[in-house]
Amino acid sequence: MIFEHALVLSAYLFSIGIYGLITSRNMVRALMCLELILNAVNINLVTFSDFFDRRQLKGNIFSIFVIAVAAAEAAIGPAIVSSIYRNRKSTRINQSNLLNK
């Protein structure tokens, strides 16, 4: 029963993240949606690891690697967004410098 609940929660998080990533025009919102997608993947990894083989922690260890990648993205992403904001004075994804001149 809990297996299905975890998969449904993961599917909801993943679909919200994909929808937000596709429709967002703001880079900060896109990064937040990417974090939702990575969290949904982590829930799936831990759930399947627990369901199929409780003795080996392959899914849990791989989830730690995904968390490390998400932490690096959370540290580097705002730096990239702020440098783009300094040049363009906007964080919109579909806006280019040619429109400002």
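Provide the FRET efficiency to the nearest 0.05 for the Arg29-Leu57 pair, computing r from the beta carbons and using R0 = 41 Å.
Computed FRET efficiency for Arg29 and Leu57 comes out at 0.75.
If each DSSP helix of 4+ residues adds -39,500 (n - 2.57) and the sum is divided by the residues in the chain, what number results at 222 nm, nearest 500 deg cm²/dmol?
-28500 deg cm²/dmol
From largest accessible area down, sort Met32, Met27; use a 1.4 Å probe on the protein chains.
Most to least solvent-accessible, the answer reads Met32, Met27.
I'm spelling it out carefully: the read-out is P(r) over Cα pairs in 10 Å bins from 0, in percent, the candidates are (i) 15, 34, 28, 15, 7, 1, 0; (ii) 15, 44, 30, 10, 0; (iii) 16, 55, 28, 1, and one was derived from this structure. Which label?
From the options (i) 15, 34, 28, 15, 7, 1, 0; (ii) 15, 44, 30, 10, 0; (iii) 16, 55, 28, 1, the structure gives (i).
Among Ala74, Val46, Ile16, whose Cα lies farthest out toward the positive end of the dipole of the stretch 1-90, if unit charges sit on the beta carbon of Lys, Arg (+1) and Asp, Glu (-1)?
Working it through, the farthest residue towards the positive pole turns out to be Ala74.
Place +1 on the Cβ of every Lys and Arg and -1 on the Cβ of every Asp and Glu in the chain, take the dipole about the Cα centre, and give the residue among Ile37, Ala6, Phe62 whose Cα lies farthest towards its positive end.
Towards the positive end, the residue furthest out is Ile37.
Keeping every protein chain present and rolling a 1.4 Å probe, give me the accessible area per residue for the chain in Å².
Per-residue value: 73 Å².
Test of understanding: what is the full-extension gain from Ser15 to Ala75, defined as 0.36 nm times their sequence separation minus their Cα-Cα distance?
19.2 nm
Normalised by the number of residues in the chain, what is the relative contact order in percent for Cα pairs under 8 Å and 6+ residues apart?
About 27 percent, as a whole number.
Once fully extended, how much extra length lies between Ile64 and Arg88, figured as 0.36 nm per residue of separation less the alpha-carbon to alpha-carbon distance?
5.1 nm
Tell me which residues come under 5 Å, amide H to amide H, from Asn26 once H is placed; ignore anything under 5 positions away on its chain.
For Asn26, whose amide H was placed from the backbone, the distant partners under 5 Å are Ile93.
In Å, what is the Rg of the alpha-carbon atoms in the stretch 1-51, and how long is Dmax?
Rg and Dmax of the stretch 1-51, Cα atoms, are 12.0, 38 Å.
Using a 1.4 Å probe over the heavy atoms of the protein chains, calculate the carbon and sulfur portion of the accessible area of the chain as a whole percent.
Accessible surface attributable to carbon and sulfur in the chain totals 69 percent.
The values are calculated or read from the model by the stated rules, or taken from the named source; none is laboratory data. Please read all numbers here as calculations on a predicted model, not as lab measurements. Counting neighbours? That spans all protein chains shown, and the Cβs are built from the backbone with ideal geometry, glycine included. Heads up: the accessible areas ignore ligands, DNA and RNA and are worked out on the full protein's heavy atoms, side chains in. Shrake-Rupley method; radii C 1.70, N 1.55, O 1.52, S 1.80 Å.
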